[in-house]
Amino acid sequence: YAAVVVRDEQGDERQDGPRVRDVVIDVKEKDHMGFFQVGGGASSGSGEVGYVSIHHSNFDLFRLPAAWNDWRAAFVGGGQEIDVEVIPGTRESEYRFRVVEPYLFRSDLALSLGAGTGIYDRRTYDESHVRGAAAIQKFFDRGHRLSASLAYLVDAVRIHDLDIDAPPDAVDVKGSTFLGYPRLELRYEDLLRSYYSGPRGVVVSAKLDLADAVTGSRVDFTRAALSVDFHRGFFDRRIDYQHVLHLGVDLSWMEGRGGDDRLQLDGRVRV
């Protein structure tokens, strides 16, 4: 319910009188709350892959069906986000799942939980991963543009079925290795999203990973990364009909057990 506020000639609010009315506002939820993608591809290095992706932006984990044959409003209406990616392939396969509660306990905190697995045929050896992540994100403004997050990531890596000509790096880490480490991230995201043509705006992210025996990792390393992505629309005033230019730059540094520092610079241009 809402009240229509009427002001007099002096600008003061009038709380009563014949021109003040109570009105009922009927809000209808937007029907478009997610999308479904199907694709595939092939390359000489990674072989053939398929792709299935599901994204829902108004999920409700705790809204169960009214009955076994009534699923009309089940798992909908909680404002949670859910992402599922299934990428099966002949040489590389990945499966990922993530759920986000954007307003944890109706606050400016967000909770993110994710899990996934990856299976890779490296020709001379096989590599598999079982991953998981949990993160708490703090927003500093109402528009959810500036935020800081603290996450804990785990990655169980297995190197197996090595051929005689497998590279020395793979031979050195043969077997199972567990990685567990915290990640601190500062992020600025100012995007205008479109389901049809993609986002517009800018995203800046700075990450810091620290892994050692104290964090539960069998491998000690320090890693820092900075990324900047800029999206600009062209050729049409209507957002859904624009072509989008994406410019991205990634800069990362990592120091491992051997004390070797490695600086990587990667630039991407995508239309």
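State yes or no: is G233 over 21 Å from the mean Cα position of the chain (by Cα) and of a type outside the set (D, E, K, R)?
In short, yes.
Determine which single condition F140 fails, assuming it passes every other condition in (1) exposed (fewer than 14 other Cβ atoms within 10 Å of the Cβ); (2) at pLDDT 95 or above; (3) of a type outside the set (S, T, Y); (4) in contact with a Ser or Thr (Cβ under 7 Å, 6 or more places away or on another chain).
Tallying (1) exposed (fewer than 14 other Cβ atoms within 10 Å of the Cβ); (2) at pLDDT 95 or above; (3) of a type outside the set (S, T, Y); (4) in contact with a Ser or Thr (Cβ under 7 Å, 6 or more places away or on another chain), F140 fails exactly one: (2).
Could you list, ordered by first residue, the pairs with Cβ atoms under 8 Å in which the first is in the range 59-81 and over 21 Å from F97 (Cβ atoms) and the second is surrounded by 13 or more Cβ atoms within 10 Å (Cβ to Cβ) and basic (K, R), at least 6 apart or interchain?
Listed by first residue and then by second, the contacts come to A73/R63.
Residues being in contact (Cβ under 8 Å) with a residue 24 or more places away in the chain and in a loop (DSSP other than H, G, I, E, B): count how many of those fall in the range 151-167.
The total comes to 6.
Given the criteria of a type in the set (F, W, Y) and touching a strand residue (DSSP E or B) at 6+ places or on another chain (Cβ under 6 Å), does Y196 qualify?
No; evaluated as a whole, the condition is false for this residue.
Restrict the check to the range 25-44 and report whether at least one residue is modelled with pLDDT of 85 or more and of a type in the set (A, V, I, L, M).
Checked the range 25-44: at least one residue is modelled with pLDDT of 85 or more and of a type in the set (A, V, I, L, M).
Given the condition modelled with pLDDT of 90 or more, open to solvent by less than 40 Å² (accessible area, probe 1.4 Å) and within 17 Å of A206 (Cα to Cα), answer yes or no: does some residue in the range 123-132 qualify?
Looking through the range 123-132, none of the residues is modelled with pLDDT of 90 or more, open to solvent by less than 40 Å² (accessible area, probe 1.4 Å) and within 17 Å of A206 (Cα to Cα).
The values are calculated or read from the model by the stated rules, or taken from the named source; none is laboratory data. Everything numeric in this text was worked out from a predicted model, so none of it was measured. All Cβ positions, even for glycine, are placed from backbone atoms using ideal geometry, and neighbour counts span all protein chains on display. Just the protein is used for accessible areas: all its heavy atoms, side chains included, with ligands, DNA and RNA removed. Shrake-Rupley method; radii C 1.70, N 1.55, O 1.52, S 1.80 Å.
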